[in-house]
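Here the structure is laid out as structure tokens; the discussion comes afterwards.
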Amino acid sequence: NLKFFLDFGAMPQANGFVPPMDMSSMGAAAENRPVIGRFELAPDEALILEVEPPKGVYWSISLGNPWLETIHYGRHQSSLTGHQAVVDPDGLVRFVLSPQDPGVANWLDTAGHSNGAMLLRCVRTETAPVPSSRVVKTAEVLSALPAGTTMTSPEERATVIAGRRRAVHERFYR
């Protein structure tokens, strides 16, 4: 639907989301309620998203580039499912969007893009929550997160990325 893409490109609210959408008129399944947003960051900025994870069959968050193409999830941790994301002790999930890995388990790699799309997919969930967001300096990411935020070492991240690469290869290159 051309109107959707034109509206997305004109969305004034950088680093935020629009309310959940019913896209069934465009052919999407009615049980899929996407919450769509747009990020726009300076080179020294990161975006922290906070959301109460939806309860239900499936949810995920993923990033796209400025042309709404999915950032390659086999090379970058540019998406996480509800099973992969780490929930903090207060019941919220916090994601950090940035081009550099801050060592946070729920990091979403912008793959060097200064702007692009964010998509919270809620499929057969009780809610389709709109994440809150705040921009911080990349040097302040860790101090802006709660104590006890789950961290990931460079070796652990490399193992995760290698697993993502293998999964893409097994799915698409048999």
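The values are calculated or read from the model by the stated rules, or taken from the named source; none is laboratory data. Everything numeric here is computed off the predicted structure, so don't read it as measured data. Cβ atoms come from the backbone with ideal geometry, glycine included; neighbour counts cover every protein chain shown.
Residues in region 64-99 that are of a type in the set (Gly, Ala, Ser) and touching a strand residue (DSSP E or B) at 6+ places or on another chain (Cβ under 8 Å): GLY64, SER78, SER79, GLY82, ALA85, SER98. Applying the criterion of at least 1 residues that are surrounded by 14 or more Cβ atoms within 10 Å (Cβ to Cβ) and of a type in the set (S, T, N, Q) to the strands (runs of 3 or more DSSP E) found wholly in region 93-174 leaves 93-98, 115-125, 132-137. In the condition set (1) more than 15 Å from GLU50 (Cα to Cα); (2) at pLDDT 95 or above, ASN106 is compliant with all but (1).
Test ILE48 against the stated conditions and say whether it is among the hydrophobic types (A, V, I, L, M, F, W, C), surrounded by 14 or more Cβ atoms within 10 Å (Cβ to Cβ), within 21 Å of THR150 (Cα to Cα) and in contact with a Lys or Arg (Cβ under 6 Å, 6 or more places away or on another chain). It is true that ILE48 is among the hydrophobic types (A, V, I, L, M, F, W, C), surrounded by 14 or more Cβ atoms within 10 Å (Cβ to Cβ), within 21 Å of THR150 (Cα to Cα) and in contact with a Lys or Arg (Cβ under 6 Å, 6 or more places away or on another chain).
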